[in-house]
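Let me begin by presenting the structure, written as structure tokens, before commenting on it.
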Amino acid sequence: ANVGCTMRCFVWWVTAVALLCLSPRLPNVGAVQVVQRPIDAPAEAPRFANGKDVFGRDARCRTCHALLNTLNPRLVPALLKIKAAEARRVGGGGADSRAVKYGVYEETIETYVQSACTTQDLWHSKETRKQCEAIMELHEDELSAAYTRWVRKGAPEREDQGWSWNWEVCRKATRSCSEALAMHVLSEFDDDGSGASERKYRSEPVPPAGTVNGDGLLKVVAGSFHDVCVADPSVDVLVYVSFPNQHQGTFHEFAVPALLAVKKLFENSGNAFEIAAVDAEHNDVPPPYGTPGTALPTLCLYPAMNKGWPRYISETNDGKLTVRDVLFFIMNTGSAGLSATAKALLAATPADVLDHKPWEKDEL
């Protein structure tokens, strides 16, 4: 038995070395590994025949936990910021400090909760998206009320301070998890066998603000994604998640000209608008803004004054996007001002510019 084990280990070692030596290497772009996912980690958490995972969670319970894990990192800091501002106001003296402010939290809660299912982590998994939409359809008000209760309880930042997100949301508000599962803190469900708890995120070095990439678009990397695309609420940001070498680079080759043309159309529009590109071959945009291991290029717009609700383009047509396609997407997803400008550009721009299809020359 020991000899068999020794032989198997030896064969495995030789195979691993051979694969390491023969595997093609990515171009050296100075990418920095912030975290690295273990090589043997499966792409998804294992499922049993009854659809449950290693913790005994069904799809609805898993989705509720995923919902909290993507919503809390965005909504909780926003509510704590409001709480701090209210504390300063009340402690400042004067008539304003004595005024009772109703609804200061509710608008923010409503904005983030309404968009909860549209984050990339949830939206791009069909099962999770369907379960999330079902939870929201039945329990959106109860979910919002849970965050209001959390604020009124003093906004405890740790689950050992008398507040359990799992119990309050996934049991009490939405009935998504059984009592037995809801009695545990969320962190106990981190290691579900998918390797996510060990996963790390790659990022190229953060470039100076305003750096343009080789294609002429604003360069963003994983380490600067929040600062460039999310932090400033006054700016609409269209993000191109690119895979320049995927499918022989045809998607990238087709999409970039349309994005550059749209960028030029908006140059003198007066809108606070940026078109940014992140090279997903060398950057893993961390949750809640992205999903590590995402393998498909896409467009996503983070609208001004509503950064908690990013909008993803529904059809990329393998990169064969015209200027009209991009402007139409912006018109339907951007802030009011940006949308109005996109609509005006659709009406004023010549048809040969709007509908130019450079790929048709290659197909003749």
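The values are calculated or read from the model by the stated rules, or taken from the named source; none is laboratory data. Just so it is clear, the structure is predicted and the values come from calculations on it, not from any experiment. Positions of Cβ are backbone-derived with ideal geometry, glycine not excepted, and every protein chain shown enters the neighbour counts. When the accessible area is computed, the model is the full protein with side chains, heavy atoms only, and any ligands, DNA or RNA have been set aside. Shrake-Rupley method; radii C 1.70, N 1.55, O 1.52, S 1.80 Å.
Observations on the structure shown:
- Here the peptides 202-210, 82-90 are ranked by packing, the mean other Cβ count within 10 Å, and the order with the highest first is 202-210, 82-90.
- Per-residue 3J(HN,Hα) values for the range 262-278, derived from phi via the Karplus relation 6.51 cos²θ - 1.76 cosθ + 1.60 with θ = phi - 60°, read 5, 4, 5, 4, 8, 4, 10, 7, x, 7, 7, 9, 10, 10, 10, 10, 10 Hz in sequence order (x marks Gly and Pro).
- Counting only protein heavy atoms and using a 1.4 Å probe, the accessible area of residue 264 comes to about 150 Å².
- Whether the range 300-364 is rounded, prolate or oblate, judged on the alpha carbon gyration tensor where a/c under 1.5 counts as rounded: oblate
- Candidate lysines - alpha carbon under 16 Å from residue 343, same-chain residues fewer than 8 apart omitted: 263, 264
- The phi-based Karplus calculation (6.51 cos²θ - 1.76 cosθ + 1.60; θ = phi - 60°) puts the 3J(HN,Hα) values of the range 177-187 at 10, 5, 4, 4, 6, 6, 6, 8, 6, 4, 4 Hz, whole numbers, x for Gly and Pro.
- Highest mean packing first, where packing is the average number of other Cβ atoms within 10 Å per residue, the peptides 51-61, 234-244 line up as 234-244, 51-61.
- Over 25 Å (Cα to Cα) - which of 52/172; 83/126; 307/357; 126/307 fall in this group: 83/126; 307/357
- Neighbour net charge for residue 244 - beta-carbon separation under 14 angstrom, K R +1, D E -1: -4
- For the range 343-352, backbone phi angles converted through the Karplus equation (6.51, -1.76, 1.60; θ = phi - 60°) give residue-by-residue couplings of 5, 5, 5, 4, 7, 9, 7, x, 4, 5 Hz, Gly and Pro being listed as x.
- Packing-based ranking, highest mean first, of 341-351, 308-318 given that Cβ atoms within 10 Å are counted: 308-318, 341-351
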